[in-house]
Amino acid sequence: MADLVYPPVIGAARTMFRMLDLRFDMRGTEHVPRRGGAVLVSNHIGYLDFVFAGLTARPSRRLVRFMAKDSVFRHRVSGPLMRAMKHIPVDREQGEHAFARAVQALRGGEIVGIFPEATISRSFTLKEFKTGAARLAQQAGVPMLPVALWGTQRLWTKGHPRDLRRNHFPITVRVGAPMEVAPEEDPTRATARLRSRVRELLEAAQQAYPGAPRDERDTWWLPAHLGGTAPSPQGD
C-alpha cells in the first residue's frame, strides 16, 4: 500500500511545483545511495521542506520515510497519507518508540529523513542539532546523508502566510557525501561534524541562490548576516 500511495503524492507535488514554475538547482543527488539504509538529515526553514528533501532521493529511485510529530498523523487528511507512506510518528513524550521504529526501518534498508533542529528556524540560520540522527545512524550501522535547502521559506514558513502564487521562486538544494559514524564515536561529536557539514552545504546553497528581495518589504526571508530582516538567532 505504501509504495502505491507515495509515488502519486510525489507526482502531485511535482505538478504543483511546475504550476508555480519553481526554478530548481539541485546538486549532489548522486550521493543518495541506490540501496541500503541511510539517515537523511536536512536543515529546516519551511513547512514544505520534507517534500523538497524527499525529492533528492528521486534520481536514485528511493523513497524517504520522514520522522514527523504525531499530531500530523492524527489529522483527518494528512494522517492516512502519512501512515500509507510509512512515515514515522514521533511522540516527544515517548520518543523511544519512534527511535526503535526508525532503527528497524534503517536496518531494513530504508532511508529515514530527520530534521535535527526539531523545529523550523525562524532566523533561517542553523539551530543546534539534536543527537538523534547520529544515534540512529550509529545504532543501525548506516551513514548520515547531509542536505541543505534554501528558498523553501519563501513559499511557506512559520510566522508568514503561504505564498503559492506563480512567483518563479528559485529553490536551491545541496546534498553532501554520506558520513559514517563509528560504533565508538561520541554521538555529540558526530552531531557536531554533521552540523558543520550541513552549514557548509547551506552556505554553498545561499551563495549559489539567484533570487533577491523584490523590494524593502521582501527582505524577511533573508537572515541578518545576509542583509535581511529575519529574526536574530538569539530570538529564534
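The values are calculated or read from the model by the stated rules, or taken from the named source; none is laboratory data. This one's a predicted model, so the numbers in the text were calculated from it and none came from an experiment. No Cβ is skipped: glycine too gets one built from the backbone with ideal geometry, and neighbour counts run over all protein chains shown. Each accessible area value is taken on the protein alone, full model and side chains, heavy atoms only, with ligands, DNA and RNA left out. Shrake-Rupley method; radii C 1.70, N 1.55, O 1.52, S 1.80 Å.
Pairs linking a residue in the range 216-236 that is over 14 Å from LYS158 (Cα atoms) to a residue that is among the aliphatic types (A, V, I, L, M) and surrounded by fewer than 16 Cβ atoms within 10 Å (Cβ to Cβ), with Cβ atoms under 8 Å and 6 or more positions apart or on different chains, are SER232/ALA224.
Scanning for something closer than 20 Å to PHE169 by Cβ, touching a Leu at 6+ places or on another chain (Cβ under 7 Å), not charged (D, E, K, R) and not in a helix (DSSP H, G or I), does the range 48-58 turn up at least one residue? Within the range 48-58, one or more residues are closer than 20 Å to PHE169 by Cβ, touching a Leu at 6+ places or on another chain (Cβ under 7 Å), not charged (D, E, K, R) and not in a helix (DSSP H, G or I). The criterion of at least 1 residues that are surrounded by 14 or more Cβ atoms within 10 Å (Cβ to Cβ) and of a type in the set (Lys, Arg) is met by the following strands (runs of 3 or more DSSP E) wholly inside the range 63-173: 64-69. Of the numbered criteria (1) open to solvent by 20 Å² or more (accessible area, probe 1.4 Å); (2) in a helix (DSSP H, G or I); (3) farther than 25 Å from PRO59 by Cα; (4) modelled with pLDDT of 95 or more, the one GLN234 fails is (4).
Among the numbered conditions (1) more than 20 Å from LEU222 (Cα to Cα); (2) open to solvent by 30 Å² or more (accessible area, probe 1.4 Å); (3) of a type in the set (A, V, I, L, M, F, W, C); (4) in a loop (DSSP other than H, G, I, E, B), the only one that ALA192 does not meet is (4).
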